[in-house]
1. Would you check which residues across the stretch 138-163 are within 17 Å of the chain's Cα centre (by Cα) and among the hydroxyl-bearing types (Ser, Thr, Tyr) and list them?
2. Scan the stretch 25-75 residue by residue and report those that are among the aromatic types (Phe, Trp, Tyr) and under 24 Å from residue 181 (Cα atoms).
3. Only residues in the stretch 159-173 that are touching a residue at least 24 places away in the same chain (Cβ under 8 Å) count as the first member; pair them with residues that are β-branched (Val, Ile, Thr) and surrounded by fewer than 19 Cβ atoms within 10 Å (Cβ to Cβ), Cβ under 7 angstrom, at least 6 apart or cross-chain, and list the lot.
4. Is the stretch 28-38 home to any residue that is closer than 19 Å to residue 136 by Cα and either modelled with pLDDT of 95 or more or part of a helix (DSSP H, G or I) (or both)?
5. Quick one: what pairs do we get from the stretch 17-41, first residue in contact (Cβ under 8 Å) with a residue 40 or more places away in the chain, second charged (D, E, K, R) and in a loop (DSSP other than H, G, I, E, B), C-beta under 9 Å, 6+ apart or different chains?
6. Return yes or no: is residue 61 out of contact with any strand residue (DSSP E or B) (no Cβ under 8 Å at 6 or more places or on another chain), more than 21 Å from residue 19 (Cβ to Cβ) and either assigned to a helix (DSSP H, G or I) or not aromatic (Phe, Trp, Tyr) (or both)?
7. Among the residues of the stretch 75-94, how many are aliphatic (A, V, I, L, M), more than 19 Å from residue 148 (Cα to Cα) and either crowded, with 20+ Cβ neighbours inside 10 Å or free of Cβ contacts under 8 Å to residues at least 24 places away in the same chain (or both)?
8. Being in a helix (DSSP H, G or I) and in contact with a helix residue (DSSP H, G or I) (Cβ under 6 Å, 6 or more places away or on another chain) is the filter; apply it to the stretch 7-27 and report the residue that is nearest to residue 98 (Cα to Cα).
Amino acid sequence: MELKNRNLNLPIAIISILIPLVVAVLFILPKPDIQAGFDVRIMPFFHAILNSATAVLLLASLYFIKNGQQKAHKWANLSAVVLSGIFLLSYVTYHFLTESTKFGDINHDGLVDAAEKAAVGGIRYLYYFLLLTHILLAIVIVPLVLFTLLRAFQYDNPRHRRIARFTWPIWFYVAITGVVVYIMIQPYYG
């Protein structure tokens with residue numbers, strides 16, 4: 001398909017709005033009484049692996065483009081997009097099937113009482129800061145990645161480079177903080 005002269009702003013905008021809306025609805029809707037057929041508790045670890053691999057691919061992508069290896073740069077980025085897509089599908093599935101884990105919920109009762117807050121201490125502020133910035137930037141990164149890819153496939157290198165200067169560090173931050181947030185909340189999974 002020839003993308004050179006296609007205006008895909010509207011489809012990108014629709015996708016960029018729908019993804020966070022669907023994810024937000026998953027946190028509001030009651031969980032269905034269905035079994036996944038496997039232990040869904042492995043999914044957060046899987047998500048951390050996907051985020052780690054995405055971060056490595058983004059580092060490789062940066063290395064490749066800085067060393068003039070455009071084809072390797074392209075494949076590293078496309079691989080990162082595929083992993084991010086798999087992450088999104090898996091993340092949506094996980095949150096469709098399970099209740100959210102609460103940071104500091106030592107006894108796994110779904111509530112964080114004053115004693116549990118005290119036990120966790122001030123680290124919870126760091127956790128919530130990382131989580132909040134991760135979530136907000138994960139919303140922002142969707143259109144940035146899509147527009148960056150579009151410019152690359154349209155062979156509009158000046159605009160691709162201009163937007164990639166913002167896309168790469170935000171995407172890398174989202175991937176890395178996804179792993180850090182997982183490591184921090186992992187003790188509280190039931």
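The values are calculated or read from the model by the stated rules, or taken from the named source; none is laboratory data. All figures in this text were calculated on a predicted structure; none of them were measured in a lab. Every residue, glycine as well, gets a Cβ built from its backbone with ideal geometry; the counts of neighbours run over all protein chains shown.
1. Correct list: 148 only.
2. So the first thing to find is which residues in the stretch 25-75 are among the aromatic types (Phe, Trp, Tyr), and the list is 27, 38, 45-46, 63-64, 75.
Hits for the stretch 25-75 are 27, 38, 45, 46.
3. From residues that are touching a residue at least 24 places away in the same chain (Cβ under 8 Å), the pairs are 170/140.
4. First, the residues of the stretch 28-38 that are closer than 19 Å to residue 136 by Cα: 28.
With the extra rule that they be either modelled with pLDDT of 95 or more or part of a helix (DSSP H, G or I) (or both), the set shrinks to 28.
Yes; the residues of the stretch 28-38 include at least one that is closer than 19 Å to residue 136 by Cα and either modelled with pLDDT of 95 or more or part of a helix (DSSP H, G or I) (or both).
5. 31/99
6. It is true that residue 61 is out of contact with any strand residue (DSSP E or B) (no Cβ under 8 Å at 6 or more places or on another chain), more than 21 Å from residue 19 (Cβ to Cβ) and either assigned to a helix (DSSP H, G or I) or not aromatic (Phe, Trp, Tyr) (or both).
7. 1
8. Of the residues in the stretch 7-27, the ones in a helix (DSSP H, G or I) are 9-27.
After this cut, where a residue has to be in contact with a helix residue (DSSP H, G or I) (Cβ under 6 Å, 6 or more places away or on another chain) as well, the list is 12, 16, 19-20, 26.
Values: 12: 29, 16: 24, 19: 19, 20: 18, 26: 10 Å.
Going through the qualifying residues, I end up with 26.
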